[in-house]
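In what follows, a structure is listed as structure tokens, so that the remarks can point back to it.
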Amino acid sequence: MDIQAFRSILIPSGQEALQTAQDLHPREEQFLKHFSVLSRRYPVDLARSALDIAILRDRAVQKFPFANRMYFTREALEQASSFEISTYRAERFRDYRLLVDLGCSVGGDTLAFALLVPTIGVDLDPLRLVMSQANVQALGLGEKASFLRADLNNPVPLGSHPSLGLFFDPARRAGQKRIFSVKDYQPPLEIIQDWLAIYPALGVKISPGVDISELRNYDAEVEFISLRGELKEAVLWFGPMKTSGRRATVLPGPHTLWSVKTDETRQHPTSEPRAYLYEPDPAVLRAGLVMLLSGQLDAIQLDPSIAYLTSDHRMETPFARSWQVENWFPFNLKRLRNYLRERNVGQVVVKKRGSPLQPEELIHALRLKGENEKVVVLTQLRGRPIAIICTL
């Protein structure tokens, strides 16, 4: 879709075509069928654009509660943060008088920022900028957000402001390929060194799978964020935005676990499985805060290299799932099968850490029939494979 095609959507006839497309409840796999219907009533280019946006709005419901009023490109929607994450991040900028969203794309983050602080969105892509403007207008935030086209590889003409915050979202894809190294981001992460001397209040969205060793030269808090148990993104916070060394944040909540420093390399005591087993949230794992969590739970690791924790008493926590341990023993397929069959178990949920077995392979190999259900955890105890049977 180009700018001319998108602008045709914004006029009354385009809005009518878009509403007609949405009424079809279209799906990507039925694109040709829906396009055939629309193109009989509207010009071909308008029908295609309306159908594209209608399909993307349906997909975007998982990220934006007001998706039916927004505009996207496919790539922009894939890269956009969930609005729950955006609104959480925006809270750090609440006390600033002006915020600049660098690499704003179609304005998903800009919307969250503009709800709290007047915001300037900056991007190089003219189509995404036009979509950003349409999105803030659709949400009634037109007076709180403005947009600027600029190449972030060049000095950005922001001027000075007594209370200015920056948020930077570099591109982490080249076409359909993901970019993993911060050195290859577009622009590369190192560009922020030129900004920090002038604008110290800076947040940077990065991949949650970032190689931590690449961040050693950056004086920043590293925050990992999960949403409903799934690790979604990481953020670097600089200058006055920095409040810790590492942080794990679990949404909804927010629930946050942090430490000024982390030291997960030294040896810690281990234990056989006790009454309860904990699986830390992925944000806690990536932030390197497993041992901090273990102290809060009065728990201990099974193995120095495995993040499962065990304790004699269950403590409720947003930072881990927990199960009651029924039994455990060294892993042996025949023994595990017999144990489960004797207890009329027909369904198992298989969890694993440090085991080469795949859950689907184990379930098939067990060949269970029964009415009961258990959790089977495949892991290690001091380097040796074990199976832990837990109740749901």
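Derivation of every value follows stated rules applied to the coordinates shown; laboratory data play no part. Since this is a predicted model, take the numbers as computed values, not measurements. Virtual Cβ from ideal backbone geometry, glycine too; neighbours counted across all protein chains shown.
If you add up the charges near A134, with Lys and Arg at +1 and Asp and Glu at -1, over every other residue whose beta carbon is less than 11 angstrom from its beta carbon, what do you get? Display every interim value, and only then the final one.
Values: positive: R7, R69, R128; negative: none.
Residues near A134 contribute +3 overall.
How large is ³J(HN,Hα) for each residue in the range 381-390, as worked out from phi by the Karplus curve 6.51 cos²θ - 1.76 cosθ + 1.60 (θ = phi - 60°), to whole Hz, x for Gly and Pro?
Once θ is set to phi - 60°, the couplings for the range 381-390 become 10, 6, x, 10, x, 9, 10, 10, 9, 10 Hz.
Give me the net charge of S311's neighbourhood, meaning all other residues with Cβ under 14 Å from the Cβ of S311; Lys, Arg count +1, Asp, Glu -1. Working shown, then result.
Details: positive: R274, R314, R321; negative: E272, E279, D298, D312, E316.
That works out to -2.
Select from the range 304-349 those GluC sites (Glu not before Pro) which occupy a DSSP coil region and have at most 12 other Cβ atoms within 10 Å, ordered by residue number.
Working: sites: E316, E326, E342; in loops: E316.
Those that pass, being in a loop and sparsely packed, are E316.
Sticking with the crude label model, points 7 Å out along Cα→Cβ, report the distance from R384 to S213 in nm, one decimal please.
3.3
Place a +1 charge on the Cβ of each Lys and Arg in the range 276-391 and a -1 charge on the Cβ of each Asp and Glu, then give the dipole magnitude about the Cα centre in debye, rounded to the nearest 20.
It comes to approximately 520 debye.
Relative to the present Cα-Cα distance, how much length would full extension add between E272 and D184 at 0.36 nm per residue of separation?
Values: separation 88, 0.36 × 88 = 31.68 nm, distance 4.39 nm.
Full-extension gain reported as 27.3 nm.
Report, in debye and to the nearest 20, how large the dipole of the range 77-259 comes out about its Cα centre when Lys and Arg carry +1 and Asp and Glu carry -1 on their Cβ.
Working: 19 positive and 21 negative charges, 43 e Å.
Using only the charged Cβ atoms, the result is roughly 200 debye.
Taking the dipole about the Cα centre of the chain, with the C-beta of Lys and Arg at +1 and of Asp and Glu at -1, give me whichever of S105, P12, P26 is farthest to the positive side.
Positive-end residue among those listed: P26.
Assign one of three labels to the range 77-259, namely rounded, prolate or oblate, based on the Cα gyration tensor with a ≥ b ≥ c the square roots of its eigenvalues; rounded applies when a/c is under 1.5, prolate when it is not and a/b is larger than b/c, and oblate otherwise.
Numbers: a/c = 1.27, a/b = 1.21, b/c = 1.06.
Because its axes are fairly even, with a/c under 1.5, the range 77-259 counts as rounded.
Using the alpha-carbon atoms, what tilt in degrees (0 to 90, nearest 10) does helix 126-138 show relative to the longest principal axis of the chain?
Roughly 80 degrees between the two axes.
How large is the Rg to Rh ratio of the range 1-156 when both quantities use alpha carbon positions and Rh follows Kirkwood?
Values: Rg = 16.1 Å, Rh = 16.1 Å.
Rounded to two decimals, Rg/Rh equals 1.00.
Give the residue list of chymotrypsin sites (Phe, Trp or Tyr not before Pro) in the range 42-74 that are DSSP loop and have at most 16 other beta-carbon atoms within 10 angstrom. Please list the in-between numbers first.
Values: sites: F66, Y71, F72; in loops: F66, Y71, F72.
Of the chymotrypsin sites (Phe, Trp or Tyr not before Pro), the ones in loops of the range 42-74 whose Cβ has at most 16 other Cβ atoms within 10 Å are F66.
I'd like the distance separating the alpha-carbon centroids of the range 100-114 and the range 299-367, in whole Å.
That distance is 43 Å.
Quick one: which of K63/K351; K232/K374; K63/K177; K232/K351; K144/K232 span more than 24 angstrom between C-alpha atoms? Walk me through the intermediate numbers first.
Details: K63/K351 28 Å; K232/K374 29 Å; K63/K177 22 Å; K232/K351 21 Å; K144/K232 27 Å.
The pairs that break the limit, which is 24 Å between Cα atoms, are K63/K351; K232/K374; K144/K232.
Which residue, chosen from A60, I300, V377, occupies the Cα position most advanced towards the positive end of the dipole of the chain, where the dipole is computed from +1 (Lys, Arg) and -1 (Asp, Glu) charges on Cβ about the Cα centre?
Final value for the positive-end residue is V377.
With a/c under 1.5 counting as rounded, go ahead and sort the chain into rounded, prolate or oblate using the C-alpha gyration tensor (a ≥ b ≥ c being the square roots of the eigenvalues; past the cut-off, prolate if a/b is larger than b/c, else oblate). Intermediate values should be presented prior to the final figure.
Numbers: a/c = 2.72, a/b = 1.47, b/c = 1.85.
Oblate.
With a Förster radius of 41 Å, plug the Cβ-Cβ distance of H25 and R94 into 1/(1 + (r/R0)^6) and report the FRET value to the nearest 0.05.
On the way: r = 38 Å, r/R0 = 0.93.
With a Förster radius of 41 Å, E is 0.60.
Give the residue list of chymotrypsin sites (Phe, Trp or Tyr not before Pro) in the range 161-217 that are DSSP loop and have at most 16 other beta-carbon atoms within 10 angstrom.
On the way: sites: F167, F168, F180, Y185, W195; in loops: F180, Y185.
Sparse-neighbourhood loop chymotrypsin sites (Phe, Trp or Tyr not before Pro): F180.
Give me the dipole magnitude in Debye, nearest 20, for the chain about the Cα centre, with unit charges on the beta carbon: positive for Lys and Arg, negative for Asp and Glu. Intermediate results must be reported in sequence, preceding the final value.
Details: 49 positive and 45 negative charges, 216 e Å.
Approximately 1040 debye in magnitude.
Could you point to the residue in H255, V130, F147 farthest towards the positive end of the range 77-259's charge dipole, with +1 and -1 charges on the Cβ of Lys/Arg and Asp/Glu respectively?
Comparing the listed Cα positions along the dipole, H255 ranks first.
Show that you can apply the helix-only estimate: for the chain, add -39,500 (n - 2.57) for every DSSP H stretch of four or more residues, divide by all residues, and state [θ] at 222 nm to the nearest 500.
Estimated from H runs of four or more residues: -8500 deg cm²/dmol.
Describe numerically, in nm with one decimal, the distance between label points set 7 Å from Cα along Cα→Cβ at R74 and at Q296.
Between R74 and Q296, the simple spin-label model gives 4.1 nm.
May I have the extent of the alpha carbons of the range 276-391 along their three principal axes, as whole Å values ordered from largest to smallest?
Reported extents, whole Å, longest axis first: 40, 26, 21.
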